[in-house]
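Below: the structure, in structure tokens.
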Amino acid sequence: MPNAATHRFGAAITLAVAAAHEDQKSGAQTSHPLVAACVGAALGTLPDVLEPALHPNHRDFFHSLACAGLIGLVFHRLYRWEAKTEGEALTRFLLLAAGGAFLTHLAMDAFTSKGLPLVGRV
Ligand SMILES: [Zn+2]
């Protein structure tokens, strides 16, 4: 089971690479990869904050494939949304980074022996 530091590191690297890729696509050179890495490091353990790993079967809805699907759907719509103001662009960026950190956490947990439940504990 990945520990908190592994989750934070994994989310930071994933988000930094994704933000750098976006910069490369747009031809811009921004501080977004650094900010995205910080958001990833800060929020990489959010699912475990919501459902603390107090016992081996702690994974419930916020660690489920259903939750990943819902966040992925919102993430996709947010990604396609074209912000019209700088405030909207900042909100979009931060929400994408937060969603990316959450999804990275679930992806890392999915590759453990416990995996992810479909909806949650039954
Ligand atoms: Zn977890």
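Values in this text are rule-based calculations from the coordinates and carry no lab data. Note that the coordinates shown come from a computational prediction; the quantities given were computed from them, not determined experimentally. Counting neighbours? That spans all protein chains shown, and the Cβs are built from the backbone with ideal geometry, glycine included.
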For the range 53-70, 3J(HN,Hα) per residue [Karplus equation, 6.51 cos²θ - 1.76 cosθ + 1.60, θ = phi - 60°, Hz, x = Gly/Pro]: 7, 7, 8, x, 10, 7, 6, 10, 4, 6, 10, 9, 5, 4, 5, 4, x, 5
What's the magnitude of the charge dipole for the range 4-110 around its Cα centre, counting Lys and Arg as +1 and Asp and Glu as -1 at the beta-carbon? Answer in Debye, nearest 20. 160
For a quick check of your reading of the filter: which GluC sites (Glu not before Pro) in the range 1-93 sit in a DSSP loop and have no more than 11 other Cβ atoms within 10 Å? Glu82
The Rg/Rh figure for the range 4-110, Cα atoms and Kirkwood Rh, to two decimals is 1.00
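Of all the stretches in the chain, which is the longest one without any exposed loop site, taking trypsin sites (Lys or Arg not before Pro) in a DSSP loop (any state but H, G, I, E, B) with at most 12 other Cβ atoms within 10 Å? Write out the running numbers ahead of the final one.
Working: sites that count: Lys84, Arg121.
Between the exposed loop sites, the longest stretch runs 1-83.
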Which net charge results when you count Lys and Arg as +1 and Asp and Glu as -1 among the other residues whose beta-carbon is under 12 Å from that of Pro117? 0
Select from Val49, Phe9, Ile71 the residue farthest towards the positive end of the dipole of the chain; place +1 on Cβ of Lys and Arg, -1 on Cβ of Asp and Glu, and compute about the Cα centre. Ile71
Return one number: the angle in degrees, 0 to 90 and rounded to the nearest 10, between the long axis of the Cα atoms of helix 32-43 and the longest principal axis of the Cα atoms of the chain. 20
